[in-house]
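Down below is the structure, laid out as C-alpha coordinates.
The values are calculated or read from the model by the stated rules, or taken from the named source; none is laboratory data. Given the structure is predicted, the values throughout are model-derived calculations rather than measurements. Here Cβ is always computed from backbone atoms with ideal geometry, including for glycine, and neighbour counts include all displayed protein chains.
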Amino acid sequence: MKIAIVILNWNGKKLLEQFLPSIVKFSSNEAEIYVADNASEDTSISYIKTNFPSVKIVKNLENGGYAKGYNDALQKIEADIYCLINSDVEVTQNWLSPILDVFTSDENTAIIQPKILAFKDKTTFEYAGAAGGFIDLYGYPYCRGRVFNHLEKDRKQFNDVSEIFWASGACLFIRANVYHELNGFDEDYFAHQEEIDLCWRTQNIGYQVKYVGLSTVYHVGGATLKETDPQKTYLNFRNSLLNVVKNVPKKWFLFVIFSRLILDGIAGLKFILELRPIHTFAILKAHFSFYRNFYKFLKKRKVLQKKLDYNLHTSIVWQYFILGRKKFKDLK
(Lines give C-alpha, C1' and ligand atoms only; values in the text may rest on other atoms or scores of the structure.)
Protein backbone atom coordinates (compact mmCIF):
# COMPACT_ATOMS: atom_id res chain seq x y z
CA MET A 1 0.00 0.00 0.00
CA LYS A 2 1.11 3.52 -0.75
CA ILE A 3 0.95 5.54 2.45
CA ALA A 4 1.21 9.32 2.76
CA ILE A 5 1.96 10.86 6.14
CA VAL A 6 0.53 14.38 6.10
CA ILE A 7 1.43 16.89 8.81
CA LEU A 8 -0.77 19.97 8.99
CA ASN A 9 1.29 23.05 9.85
CA TRP A 10 0.51 26.65 10.69
CA ASN A 11 3.38 28.78 12.00
CA GLY A 12 4.80 25.66 13.61
CA LYS A 13 8.51 25.87 12.93
CA LYS A 14 9.43 25.10 16.57
CA LEU A 15 7.20 22.02 16.57
CA LEU A 16 8.63 20.85 13.24
CA GLU A 17 12.16 21.25 14.59
CA GLN A 18 11.27 19.06 17.55
CA PHE A 19 9.03 16.39 16.04
CA LEU A 20 9.63 16.12 12.29
CA PRO A 21 12.97 14.29 12.79
CA SER A 22 11.29 11.27 14.44
CA ILE A 23 8.69 11.04 11.68
CA VAL A 24 11.37 11.12 8.99
CA LYS A 25 13.63 8.67 10.85
CA PHE A 26 10.98 6.03 11.54
CA SER A 27 8.71 6.42 8.49
CA SER A 28 10.72 7.24 5.37
CA ASN A 29 11.21 3.61 4.33
CA GLU A 30 7.48 2.87 4.30
CA ALA A 31 5.79 6.16 3.48
CA GLU A 32 6.04 9.47 1.70
CA ILE A 33 6.02 12.43 4.09
CA TYR A 34 4.19 15.67 3.38
CA VAL A 35 3.73 18.93 5.25
CA ALA A 36 0.45 20.64 4.41
CA ASP A 37 1.05 24.27 5.22
CA ASN A 38 -1.91 26.46 6.15
CA ALA A 39 -0.49 29.75 4.85
CA SER A 40 2.15 30.04 7.57
CA GLU A 41 3.81 33.41 8.12
CA ASP A 42 6.90 32.07 9.89
CA THR A 43 9.93 30.31 8.37
CA SER A 44 8.43 26.80 8.46
CA ILE A 45 8.69 26.20 4.74
CA SER A 46 12.30 27.34 4.38
CA TYR A 47 13.25 25.24 7.43
CA ILE A 48 11.79 22.10 5.84
CA LYS A 49 13.40 22.76 2.45
CA THR A 50 16.81 23.28 4.04
CA ASN A 51 16.80 20.47 6.60
CA PHE A 52 14.43 17.83 5.17
CA PRO A 53 14.52 18.01 1.37
CA SER A 54 12.81 14.60 1.11
CA VAL A 55 9.68 15.99 2.78
CA LYS A 56 7.17 17.23 0.22
CA ILE A 57 5.32 20.49 0.82
CA VAL A 58 1.72 21.26 -0.11
CA LYS A 59 0.84 24.92 0.25
CA ASN A 60 -2.71 25.91 1.14
CA LEU A 61 -3.78 29.42 0.17
CA GLU A 62 -5.36 30.18 3.56
CA ASN A 63 -5.55 28.94 7.12
CA GLY A 64 -8.81 27.05 6.91
CA GLY A 65 -8.26 25.23 10.18
CA TYR A 66 -7.91 21.48 10.56
CA ALA A 67 -10.88 20.50 8.40
CA LYS A 68 -10.40 22.71 5.34
CA GLY A 69 -6.62 22.50 5.67
CA TYR A 70 -6.66 18.74 5.19
CA ASN A 71 -9.42 18.82 2.58
CA ASP A 72 -7.45 21.23 0.45
CA ALA A 73 -4.14 19.42 0.85
CA LEU A 74 -5.41 15.86 0.29
CA GLN A 75 -6.87 16.83 -3.08
CA LYS A 76 -3.25 17.09 -4.23
CA ILE A 77 -1.85 13.91 -2.63
CA GLU A 78 -2.18 10.47 -4.18
CA ALA A 79 -1.98 7.48 -1.84
CA ASP A 80 -3.89 4.40 -0.71
CA ILE A 81 -3.71 5.38 2.97
CA TYR A 82 -3.52 8.86 4.46
CA CYS A 83 -1.96 9.31 7.89
CA LEU A 84 -3.14 12.63 9.29
CA ILE A 85 -0.80 13.56 12.12
CA ASN A 86 -0.38 16.66 14.25
CA SER A 87 2.88 18.57 14.20
CA ASP A 88 3.30 17.95 17.96
CA VAL A 89 3.46 14.14 17.73
CA GLU A 90 6.58 12.00 18.20
CA VAL A 91 6.45 8.59 16.56
CA THR A 92 8.35 5.43 17.49
CA GLN A 93 10.31 2.73 15.72
CA ASN A 94 8.16 0.29 13.70
CA TRP A 95 5.00 2.28 14.41
CA LEU A 96 3.65 1.84 10.88
CA SER A 97 3.90 -1.94 10.51
CA PRO A 98 1.06 -2.94 12.90
CA ILE A 99 -1.21 -0.37 11.28
CA LEU A 100 -0.51 -1.61 7.76
CA ASP A 101 -0.99 -5.23 8.86
CA VAL A 102 -4.57 -4.48 9.95
CA PHE A 103 -5.39 -2.53 6.78
CA THR A 104 -4.01 -5.41 4.70
CA SER A 105 -5.86 -8.15 6.55
CA ASP A 106 -9.23 -6.41 6.87
CA GLU A 107 -10.63 -4.52 3.90
CA ASN A 108 -13.62 -3.38 5.96
CA THR A 109 -11.38 -1.36 8.30
CA ALA A 110 -11.30 2.20 6.96
CA ILE A 111 -9.83 4.19 9.87
CA ILE A 112 -7.17 3.27 12.44
CA GLN A 113 -5.74 5.04 15.47
CA PRO A 114 -2.51 4.01 17.26
CA LYS A 115 -1.96 4.16 21.01
CA ILE A 116 -1.53 7.82 21.98
CA LEU A 117 0.53 8.50 25.10
CA ALA A 118 1.43 11.85 26.62
CA PHE A 119 4.72 13.28 25.41
CA LYS A 120 5.31 14.96 28.78
CA ASP A 121 4.63 11.75 30.72
CA LYS A 122 5.17 8.74 28.50
CA THR A 123 3.68 6.34 31.05
CA THR A 124 0.24 8.00 30.76
CA PHE A 125 -2.42 8.05 28.07
CA GLU A 126 -2.89 11.38 26.34
CA TYR A 127 -6.16 13.29 26.48
CA ALA A 128 -6.79 13.54 22.74
CA GLY A 129 -7.46 9.93 21.79
CA ALA A 130 -5.72 7.74 24.39
CA ALA A 131 -6.59 4.12 23.42
CA GLY A 132 -9.47 4.94 21.09
CA GLY A 133 -12.62 7.00 21.29
CA PHE A 134 -16.23 6.24 22.16
CA ILE A 135 -19.37 8.32 22.48
CA ASP A 136 -22.26 8.13 24.93
CA LEU A 137 -26.01 8.49 24.48
CA TYR A 138 -25.82 12.28 24.68
CA GLY A 139 -23.00 12.69 22.20
CA TYR A 140 -20.25 13.25 24.78
CA PRO A 141 -16.93 11.73 23.67
CA TYR A 142 -14.59 9.75 25.92
CA CYS A 143 -11.76 7.28 25.46
CA ARG A 144 -10.34 4.04 26.65
CA GLY A 145 -7.68 5.33 29.01
CA ARG A 146 -9.25 8.78 29.39
CA VAL A 147 -12.66 9.65 30.82
CA PHE A 148 -13.17 13.42 31.05
CA ASN A 149 -9.95 14.66 32.67
CA HIS A 150 -8.97 11.36 34.32
CA LEU A 151 -5.97 9.83 32.52
CA GLU A 152 -4.95 6.21 33.11
CA LYS A 153 -1.41 4.92 33.25
CA ASP A 154 -0.34 2.70 30.38
CA ARG A 155 0.07 -0.76 31.89
CA LYS A 156 -0.37 -2.49 28.51
CA GLN A 157 -4.05 -3.00 29.32
CA PHE A 158 -4.90 -1.70 25.86
CA ASN A 159 -2.22 -3.44 23.78
CA ASP A 160 -4.90 -4.94 21.55
CA VAL A 161 -6.63 -4.46 18.23
CA SER A 162 -10.14 -3.29 18.97
CA GLU A 163 -13.10 -1.73 17.21
CA ILE A 164 -13.72 1.81 18.47
CA PHE A 165 -16.19 4.56 17.63
CA TRP A 166 -13.83 7.40 16.75
CA ALA A 167 -10.13 7.90 16.15
CA SER A 168 -8.23 10.97 17.29
CA GLY A 169 -7.37 13.65 14.76
CA ALA A 170 -3.96 13.87 16.44
CA CYS A 171 -2.99 10.70 14.55
CA LEU A 172 -5.56 9.16 12.24
CA PHE A 173 -5.06 6.71 9.37
CA ILE A 174 -7.79 6.52 6.74
CA ARG A 175 -8.21 4.81 3.38
CA ALA A 176 -7.99 7.51 0.73
CA ASN A 177 -10.96 6.19 -1.26
CA VAL A 178 -13.20 6.34 1.83
CA TYR A 179 -12.00 9.84 2.70
CA HIS A 180 -12.88 11.11 -0.76
CA GLU A 181 -16.15 9.15 -0.93
CA LEU A 182 -17.25 11.04 2.18
CA ASN A 183 -15.91 14.36 0.81
CA GLY A 184 -13.45 14.54 3.67
CA PHE A 185 -13.99 16.61 6.77
CA ASP A 186 -16.97 18.91 7.25
CA GLU A 187 -15.39 22.34 6.97
CA ASP A 188 -18.12 23.99 9.04
CA TYR A 189 -16.43 22.53 12.13
CA PHE A 190 -13.17 24.45 11.52
CA ALA A 191 -11.42 22.48 14.30
CA HIS A 192 -12.27 20.02 17.10
CA GLN A 193 -14.50 16.96 16.79
CA GLU A 194 -14.59 16.97 13.01
CA GLU A 195 -12.77 13.63 13.23
CA ILE A 196 -15.67 12.23 15.30
CA ASP A 197 -18.09 13.28 12.58
CA LEU A 198 -15.87 11.69 9.92
CA CYS A 199 -15.67 8.43 11.86
CA TRP A 200 -19.42 8.46 12.44
CA ARG A 201 -20.11 8.92 8.73
CA THR A 202 -17.56 6.23 7.88
CA GLN A 203 -19.47 3.72 10.00
CA ASN A 204 -22.77 4.87 8.54
CA ILE A 205 -21.62 3.60 5.13
CA GLY A 206 -20.60 0.25 6.58
CA TYR A 207 -16.90 0.50 7.45
CA GLN A 208 -15.14 -0.03 10.79
CA VAL A 209 -12.92 2.20 12.89
CA LYS A 210 -10.19 0.42 14.84
CA TYR A 211 -7.49 0.98 17.44
CA VAL A 212 -4.12 -0.78 17.13
CA GLY A 213 -2.32 -0.82 20.47
CA LEU A 214 0.99 -2.21 19.18
CA SER A 215 1.66 1.10 17.43
CA THR A 216 2.62 3.94 19.78
CA VAL A 217 2.97 7.70 19.37
CA TYR A 218 3.49 10.50 21.89
CA HIS A 219 1.37 13.65 21.69
CA VAL A 220 2.03 16.98 23.38
CA GLY A 221 -1.56 18.20 23.07
CA GLY A 222 -2.82 21.75 23.36
CA ALA A 223 -0.11 23.05 21.06
CA THR A 224 -2.67 25.08 19.11
CA LEU A 225 -5.33 25.71 21.77
CA LYS A 226 -4.71 25.05 25.45
CA GLU A 227 -7.28 23.18 27.55
CA THR A 228 -7.86 26.42 29.48
CA ASP A 229 -8.59 28.41 26.31
CA PRO A 230 -12.31 29.38 26.13
CA GLN A 231 -12.14 29.08 22.33
CA LYS A 232 -11.46 25.35 22.81
CA THR A 233 -14.48 25.12 25.13
CA TYR A 234 -16.59 26.94 22.54
CA LEU A 235 -15.56 24.68 19.65
CA ASN A 236 -15.91 21.46 21.64
CA PHE A 237 -19.42 22.23 22.92
CA ARG A 238 -20.66 23.64 19.61
CA ASN A 239 -19.23 20.90 17.41
CA SER A 240 -20.42 18.15 19.74
CA LEU A 241 -23.97 19.47 19.39
CA LEU A 242 -23.59 19.69 15.62
CA ASN A 243 -22.45 16.05 15.60
CA VAL A 244 -25.68 15.12 17.36
CA VAL A 245 -27.86 16.98 14.85
CA LYS A 246 -26.02 15.49 11.90
CA ASN A 247 -25.64 11.88 12.99
CA VAL A 248 -27.84 10.69 15.89
CA PRO A 249 -30.50 8.16 14.77
CA LYS A 250 -33.99 9.58 14.33
CA LYS A 251 -35.57 7.70 17.25
CA TRP A 252 -33.16 9.34 19.72
CA PHE A 253 -32.90 12.74 18.06
CA LEU A 254 -35.25 15.01 20.06
CA PHE A 255 -34.47 13.32 23.38
CA VAL A 256 -30.72 13.69 22.91
CA ILE A 257 -30.90 17.32 21.74
CA PHE A 258 -33.10 18.39 24.67
CA SER A 259 -31.00 16.47 27.20
CA ARG A 260 -27.74 17.90 25.83
CA LEU A 261 -28.93 21.48 26.15
CA ILE A 262 -29.79 20.85 29.80
CA LEU A 263 -26.51 19.06 30.54
CA ASP A 264 -24.52 21.81 28.86
CA GLY A 265 -26.34 24.33 31.07
CA ILE A 266 -25.28 22.35 34.13
CA ALA A 267 -21.69 22.39 32.84
CA GLY A 268 -21.97 26.17 32.55
CA LEU A 269 -23.07 26.42 36.18
CA LYS A 270 -20.15 24.21 37.18
CA PHE A 271 -17.72 26.60 35.49
CA ILE A 272 -19.25 29.50 37.43
CA LEU A 273 -18.83 27.63 40.73
CA GLU A 274 -15.21 26.99 39.75
CA LEU A 275 -14.79 30.75 39.18
CA ARG A 276 -14.26 30.22 35.48
CA PRO A 277 -17.17 32.26 34.07
CA ILE A 278 -15.35 32.86 30.77
CA HIS A 279 -15.98 29.18 29.94
CA THR A 280 -19.67 29.59 30.80
CA PHE A 281 -19.83 32.40 28.27
CA ALA A 282 -18.05 30.12 25.79
CA ILE A 283 -20.84 27.53 26.23
CA LEU A 284 -23.48 30.23 25.71
CA LYS A 285 -21.66 31.34 22.57
CA ALA A 286 -21.54 27.70 21.42
CA HIS A 287 -25.31 27.34 21.91
CA PHE A 288 -26.11 30.51 19.96
CA SER A 289 -23.90 29.27 17.12
CA PHE A 290 -25.65 25.90 17.33
CA TYR A 291 -29.06 27.57 16.97
CA ARG A 292 -27.85 29.54 13.96
CA ASN A 293 -26.51 26.38 12.29
CA PHE A 294 -29.31 24.02 13.32
CA TYR A 295 -31.22 23.90 10.04
CA LYS A 296 -28.06 23.88 7.97
CA PHE A 297 -26.87 20.75 9.77
CA LEU A 298 -30.34 19.22 9.77
CA LYS A 299 -30.11 19.22 5.97
CA LYS A 300 -26.81 17.34 6.19
CA ARG A 301 -28.37 14.33 7.88
CA LYS A 302 -28.13 11.17 5.83
CA VAL A 303 -30.18 7.99 6.01
CA LEU A 304 -28.27 5.73 8.38
CA GLN A 305 -27.28 2.67 6.38
CA LYS A 306 -26.08 0.86 9.46
CA LYS A 307 -27.74 0.80 12.86
CA LEU A 308 -25.01 1.92 15.21
CA ASP A 309 -24.86 1.01 18.87
CA TYR A 310 -22.85 3.91 20.19
CA ASN A 311 -23.31 2.94 23.85
CA LEU A 312 -26.90 4.15 24.05
CA HIS A 313 -27.15 2.72 27.55
CA THR A 314 -24.30 4.89 28.81
CA SER A 315 -24.33 8.38 30.28
CA ILE A 316 -20.69 9.23 30.82
CA VAL A 317 -21.66 12.31 32.85
CA TRP A 318 -23.72 10.22 35.31
CA GLN A 319 -21.10 7.49 35.63
CA TYR A 320 -18.15 9.84 36.08
CA PHE A 321 -19.56 12.64 38.24
CA ILE A 322 -22.26 10.79 40.21
CA LEU A 323 -21.05 7.19 40.41
CA GLY A 324 -17.35 8.06 40.46
CA ARG A 325 -16.36 5.62 37.70
CA LYS A 326 -13.20 7.11 36.23
CA LYS A 327 -11.60 4.13 34.47
CA PHE A 328 -12.84 2.72 31.20
CA LYS A 329 -13.06 -0.83 32.58
CA ASP A 330 -15.50 0.34 35.28
CA LEU A 331 -18.03 1.88 32.89
CA LYS A 332 -21.32 0.04 32.49
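The set of residues from the stretch 145-166 being part of a loop (DSSP other than H, G, I, E, B) and on the phi < 0 side of the Ramachandran plot comprises 149, 152, 154, 155, 157, 158, 159, 160, 165. Those strands (runs of 3 or more DSSP E) of the stretch 65-144 in which 3 or more residues are over 17 Å from residue 27 (Cα atoms), in contact with a helix residue (DSSP H, G or I) (Cβ under 9 Å, 6 or more places away or on another chain) and at pLDDT 95 or above occupy 109-118.
Given the criteria over 22 Å from residue 185 (Cα atoms), surrounded by 20 or more Cβ atoms within 10 Å (Cβ to Cβ) and among the small types (Gly, Ala, Ser), does residue 44 qualify?
yes
In the set (1) among the acidic types (Asp, Glu); (2) within 15 Å of residue 131 (Cα to Cα); (3) crowded, with 21+ Cβ neighbours inside 10 Å, residue 194 fails one condition alone, (2).
How about the stretch 50-79: which of its residues are of a type in the set (Lys, Arg) and buried (at least 18 other Cβ atoms within 10 Å of the Cβ)?
68
Listed here are the residues, each with its yes/no results for (1) without any contact (Cβ under 8 Å) to a residue 40 or more places away in the chain; (2) out of contact with any strand residue (DSSP E or B) (no Cβ under 7 Å at 6 or more places or on another chain); (3) of a type outside the set (A, V, I, L, M).
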site: 199; (1), (2), (3): no, no, yes
site: 209; (1), (2), (3): no, no, no
site: 215; (1), (2), (3): no, no, yes
site: 218; (1), (2), (3): no, no, yes
site: 253; (1), (2), (3): yes, yes, yes
site: 260; (1), (2), (3): no, yes, yes
site: 269; (1), (2), (3): yes, yes, no
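Residue-wise test of (1) modelled with pLDDT under 95; (2) over 25 Å from residue 151 (Cα atoms).
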site: 235; (1), (2): yes, no
site: 284; (1), (2): no, yes
site: 297; (1), (2): yes, yes
site: 313; (1), (2): yes, no
site: 316; (1), (2): yes, no
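Can you find even one residue in the stretch 221-229 that is surrounded by fewer than 20 Cβ atoms within 10 Å (Cβ to Cβ) and modelled with pLDDT of 90 or more? Scanning the stretch 221-229, I find no residue that is surrounded by fewer than 20 Cβ atoms within 10 Å (Cβ to Cβ) and modelled with pLDDT of 90 or more, so the answer is no.
Contact map, the stretch 6-24: residues that are at positive phi and touching a residue at least 24 places away in the same chain (Cβ under 8 Å) paired with residues that are among the polar types (S, T, N, Q) and in a loop (DSSP other than H, G, I, E, B), Cβ distance under 9 Å, separation 6+ or inter-chain. Pairs shown: 11/40; 11/63.
For (1) touching a Lys or Arg at 6+ places or on another chain (Cβ under 8 Å); (2) within 15 Å of residue 84 (Cβ to Cβ); (3) surrounded by fewer than 22 Cβ atoms within 10 Å (Cβ to Cβ); (4) touching a residue at least 12 places away in the same chain (Cβ under 8 Å), each residue gets a yes or a no:
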residue: 135; (1), (2), (3), (4): no, no, no, yes
residue: 143; (1), (2), (3), (4): no, no, no, yes
residue: 146; (1), (2), (3), (4): no, no, no, yes
residue: 155; (1), (2), (3), (4): no, no, yes, no
residue: 161; (1), (2), (3), (4): yes, no, yes, yes
residue: 181; (1), (2), (3), (4): no, no, yes, yes
residue: 185; (1), (2), (3), (4): yes, yes, no, yes
residue: 188; (1), (2), (3), (4): yes, no, yes, yes
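Taking the criterion of being buried (at least 19 other Cβ atoms within 10 Å of the Cβ) and either aliphatic (A, V, I, L, M) or more than 21 Å from residue 143 (Cα to Cα) (or both), the residues of the stretch 80-99 that qualify are 81, 82, 84, 85, 87, 89, 91, 96, 99.
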